[in-house]
Amino acid sequence: MELDIPVTIADPKIINEKLLSSEIYNGEFNIRSGSGKSIDLKGTINYQVHPKPSVRFKGDVLKSNNVKNFDEHDWELTTKTCKEISGSFIITSVKYTNSKTNSRVEVNGELQYELKTSLDIKLTEVKFSLINFINNYGRAYKYENAIYAGRVELSFNQYNILIDKVTNSKEIYKKLKEQGGYDITHIGQIRRKDGKEFKLSDVDSLLENIAWILSFAAGRRVDLNHIYSDSGDYKMICYRLPDIKKWKYISNWYPTNSLESLENLLTCLLTLMKDEYWCKQLPRILSQYFDGFGSSYIDNKIIIIQAGLETIAWAYFVETTKELTRTKYESLRSAKNKIGKLLREFNIENITSGLSGLQEKNESSLSSLQKFTSLRNELVHPERNKKIIDREQLYFLWRLGIVYLELAILAVGKYEGDYLNMTINLDSKQERLQKVPWTV
C-alpha cells in the first residue's frame, strides 16, 4: 500500500531559478528624494541571496531636475512602465564619465527594506522564503522519488499554514555551519481554509508574527525574504531584506527532534499575539532574549535577561490577568519578588536541580533566584572593594536567567509541550528533554 505523502511546497526549480538570484526589472525608472529631487534612469534592478540578501539598481541618468548631488539618504524608486514596482533605496555610488562626444552619469543604489511589486493583487495562496532557520524535524513530504522529514503544518484562524525545509537542506546546513552566511532554508505557504482569494495586507501581520515565533525557536532572529505565489504562473509579490545576522547555532530550549513542538509553539504564540498588547510586547521581549545570546559582555547579557523577565511579570500580572494593580505590583519592590512571583506562578522556580555549578556551592533554588536578581544590582552599581564574582558562577547564572526567560515566554503563551532544560549539564539533548513544569 502506497503512503499518502504530500509533495513539497519548496520546489527546487523555483528556488534555483527565481529566488536565489534574478533580474527583477530592465528598463526606465525614476528615483525621487524626500525633498522633491527627481531623476529618471535607465538600467536594471537585481536581486541576490549570496553572499548576503540584497536588491540593487544600476542606471544611467536620462533626465534630472537640476540634481547636482545625491547626498540625501532616502530615495523612492518607481518604474516607468510598471507602476507596481516601488521601494526605498539609498544611493551607494555615483560615477561620472566625460568625453568629447559623450557624458554619462551612472547611479547605483541598494534597497533598504522592501521592494513592492504586486501588493494589490488577490491570490489563493501566498508563499514565503525563510533565511537561516534551524534544521528542524517534522512531518513527511516528498519531491520526485525522495521522502523528507521537515514539514510544519497548522491551522490558525481562517488560514492553513505549511512550512517545508528545502530538499537540499543537508548541503545547505553543512555550508552554513562551515562558512556562516545566509541561505534559504525553508519555504512557507498560507492559504485560506475556504479557498477564497486574499491580499498580502490580509496576512502581513500574520507573516511578521510567524517570523518572530520561529526566531524564538532558533534563539536568534529569523526573517522572511521573498513573498510570492507559484499557483499557476509564478508571481513575485515583494522582496524583503531579512533583518538578521549571519548563521549561528544557538543551544537553547527548542527540541529540534520533536515532531509537534514547533506546531504547538506557533499555535500558542500566534494566539497570544491576537491580543494587540502582546503583539507589541512579545517582539520587545524576544529581542531581549536574543540579546541575551549576543556577543556582548556577559554582565550586560544578564542585565538584559532580567529586564525581559520583569517586563513579562508586569505584562502578565498587571496588563493581562489584572491580578495586580500598578500600586500592588510596585509594592513588591525588588526584582527578586517580582520575578519570583512570576516563576512560582508557573512552577518554574524548581528547574535548577541539575545546575551543577550552583549545587557545588550548596545553593538552593530560592537562593539561586536571589543571587541571579541581586547580581544585576552588583553589575550596575559596582563597588570598589566588593569581591568579584567568579566567571564560572557568572556563566551558570547567565544560563539560569536564559532558561527562566525561555520558560516564562512559553508559560504566558500557554505552551504545554516539551523543552530542553539547559540547566542540566549533560551531553545528550535527549536527557535534557522534559515537559514544561506547569504541566507536571
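Laboratory data are not the source of any read-out in this text; all were calculated from the coordinates shown. Note that this is a predicted model, so its numbers are computed, not measured. Note that we place each Cβ from the backbone using ideal geometry, even for glycine, and neighbour counts take in every protein chain shown.
Computed quantities for the displayed model
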{"item": "Most fluctuating residue given options ALA313, ALA146, ALA408, as computed from a GNM of the chain linking Cα atoms under 10 Å", "result": "ALA146"}
{"item": "Residues HIS73, HIS226, sorted so that the one with the fewest Cβ neighbours within 10 Å comes first", "result": "HIS73, HIS226"}
{"item": "Among 392-402, 167-177, the order from most to least packed when residues are scored by Cβ within 10 Å on average", "result": "392-402, 167-177"}
{"item": "Between the range 295-335 and the range 249-281, the alpha-carbon center distance in angstrom", "result": "20 Å"}
{"item": "DSSP-loop trypsin sites (Lys or Arg not before Pro) across the range 37-129, with at most 12 other Cβ within 10 angstrom", "result": "LYS68, LYS83, LYS100, LYS122"}
{"item": "Subset of LYS246/LYS336; LYS196/LYS280; LYS122/LYS165; LYS165/LYS274; LYS196/LYS274 violating a 32 Å alpha-carbon distance limit", "result": "LYS246/LYS336"}
{"item": "Difference of contour (0.36 nm per residue) and Cα-Cα distance, GLN179 to VAL440", "result": "89.8 nm"}
{"item": "The chain - mean residue ellipticity at 222 nm from DSSP helices (-39,500 (n - 2.57) per run, n ≥ 4, rounded to 500)", "result": "-10000 deg cm²/dmol"}
{"item": "Count, lysine Cα pairs under 17 Å in the range 12-116, 8 or more residues apart or across chains", "result": "17"}
{"item": "Where the Cα pairs of the chain fall when distances are cut into 10 Å bins, in %", "result": "4, 18, 25, 22, 17, 10, 3, 1, 0"}
{"item": "Cβ-Cβ FRET estimate between SER251 and SER103, R0 fixed at 51 Å, reported to 0.05", "result": "0.30"}
{"item": "Average projection area in nm² (convex hull over Cα atoms of the range 31-147, one quarter of hull surface)", "result": "12.1 nm²"}
{"item": "Residue order, fewest to most beta carbons within 10 Å, for THR423, THR97, THR44", "result": "THR97, THR44, THR423"}
{"item": "Cα gyration tensor shape for the range 151-282, rounded if a/c is under 1.5, else prolate or oblate", "result": "oblate"}
